[in-house]
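Chemist: Please see the structure below; I have some questions.
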């Protein structure tokens, strides 16, 4: 699972904790007696650290794992394709430490200074942007993420058009390509990146962890879904979800590179993205 799943289950954990306030709530696979830890769960009062459980307290495990996610139809899915379920998502939660909040404000100040040193006019909005998944070159999951990807050339063109009016903070990881004339914070882990996201005007990027983080933080977002997965499965109504409607959508292909997903990359143009960005930036 990824950070997106971790965010989704925090909404359920909040509900379960209200039902069982005296129990330790953990996430995992009860049949395998295995619990999961995530950076997203840290500092969350509704989720106990599965590595530090109190043996004298009752524990409730939420069955949320690779083989039990509400937006996947496991009966109809095959060994090459996922079939999705419609899923009305509730935004998740993330709880920042004082240090993370201060660190985020420092990065925002540095980003503003970066803008002022390179531009004479005031920026329109601050955008937090990601261009690709951390798993895009992963041996096990890479094909799936390549099919979900909008493509670096598209992101590069979009950034070149946005950076004239918007202060862009780009999330950089080992698999991403650093863009020029945007602010690239150094040594920013996922939690700190989410804390920075909490300080900006909106998020632009692919469907995934930061999209769910934006929902948890009640932030506007423009998200690329392509034709691989539908917003009806893992999207939020208050976000701008860019989805390629066709007979083959959503394909869910995860074993081979998909020509339908390539078609989605071509059909969803930079101008389409700009239209959605201008819509939320004017609200």
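Chemist: Mean separation of Cα pairs under 8 Å and 6+ residues apart, divided by the residue count of segment 12-84: what relative contact order is that in percent? Walk me through the intermediate numbers first.
Modeler: Details: 86 pairs, mean separation 23.1, N = 73.
The normalised contact order for segment 12-84 reaches 32 percent.
Chemist: Under a plain spin-label model, where a point goes 7 Å from the Cα along Cα-to-Cβ, how far apart in nm are residue 165 and residue 117?
Modeler: 2.6
Chemist: So, one more: Can you compute the modelled spin-label distance between residue 18 and residue 257, with each label point 7 Å from Cα toward Cβ, in nm?
Modeler: 4.8
Chemist: When the chain is treated as a GNM, springs tying every alpha-carbon pair under 10 Å, which of 19, 90, 170 comes out with the largest mean-square fluctuation?
Modeler: Comparing 19, 90, 170 in a Gaussian network model of the chain, the most mobile one is 19.
Chemist: Which residue, 52, 148, 88, tops the fluctuation ranking in a GNM of the chain built on C-alpha contacts under 10 Å?
Modeler: 52
Chemist: Quick check on the chain: helices-only [θ] at 222 nm, where DSSP H runs of length 4 and up contribute -39,500 (n - 2.57) each and the sum goes over total residues. Nearest 500, please.
Modeler: On the way: 9 runs with 97 residues, N = 283.
The helix contribution divided over the chain gives -10500 deg cm²/dmol.
Chemist: Using a 10 Å cut-off around each Cβ, can you sort 143, 229 from fewest to most neighbouring Cβ atoms? Display every interim value, and only then the final one.
Modeler: Working: 143 18, 229 23.
Lowest count first: 143, 229.
Chemist: Give, in nm to one decimal, the length gained when the segment between residue 106 and residue 237 is fully stretched (0.36 nm per residue of separation minus the Cα-Cα distance). Spell out each step's value before the answer.
Modeler: Details: separation 131, 0.36 × 131 = 47.16 nm, distance 3.16 nm.
So the chain would gain 44.0 nm between residue 106 and residue 237.
Chemist: Another one. Mind checking which of 151, 209, 235 has the largest fluctuation in a GNM of the chain, springs on alpha carbons under 10 Å?
Modeler: Maximum among the listed residues: 151.
Chemist: Among DSSP bridges having both ends in the chain, what percentage is antiparallel? Round to the nearest 5. Display every interim value, and only then the final one.
Modeler: Details: 6 of 28 bridges.
In the chain, approximately 20 percent of DSSP beta bridges are antiparallel ones.
Chemist: Arranged by the count of other C-beta atoms within 10 angstrom, fewest first, what order do 84, 155 take? All intermediate terms of the calculation are to be shown ahead of the outcome.
Modeler: Working: 84 18, 155 25.
Starting with the residue having the fewest Cβ neighbours, the order is 84, 155.
Chemist: Highest first, please rank the peptides 261-273, 70-82 by the mean number of other Cβ atoms sitting within 10 Å of their residues. Walk me through the intermediate numbers first.
Modeler: Values: 261-273: 16.9, 70-82: 13.5.
Highest to lowest by the protection proxy: 261-273, 70-82.
Chemist: For segment 3-63, restrict the atom set to alpha-carbon positions and state the Rg and Dmax in Å.
Modeler: Answer for segment 3-63, Rg first and Dmax second: 10.6, 32 Å.
Chemist: With a Cα-only, solvent-free Debye model of segment 38-173, what are the log10 I(q)/I(0) values at q = 0.09, 0.11, 0.22 Å⁻¹?
Modeler: The Cα Debye sum returns log10 ratios of -0.49, -0.72, -1.33.
Chemist: Would you mind getting the Kirkwood hydrodynamic radius of the chain from its Cα pairs, rounded to one decimal in Å? Intermediate values should be presented prior to the final figure.
Modeler: Details: mean 1/r = 0.0504 Å⁻¹.
Kirkwood radius, the chain: 19.8 Å.
Chemist: For segment 174-283, max minus min Cα coordinate along each principal axis, in Å, sorted largest first?
Modeler: Its Cα atoms span 39, 34, 26 Å along the three principal axes.
Computed from the coordinates by the stated procedures, all read-outs in this text should not be read as laboratory data. Values in this document were obtained by computation on a predicted structure and should not be read as measured data. Note that each Cβ is placed from the backbone with ideal geometry, even for glycine, and that neighbours are counted across all protein chains shown.
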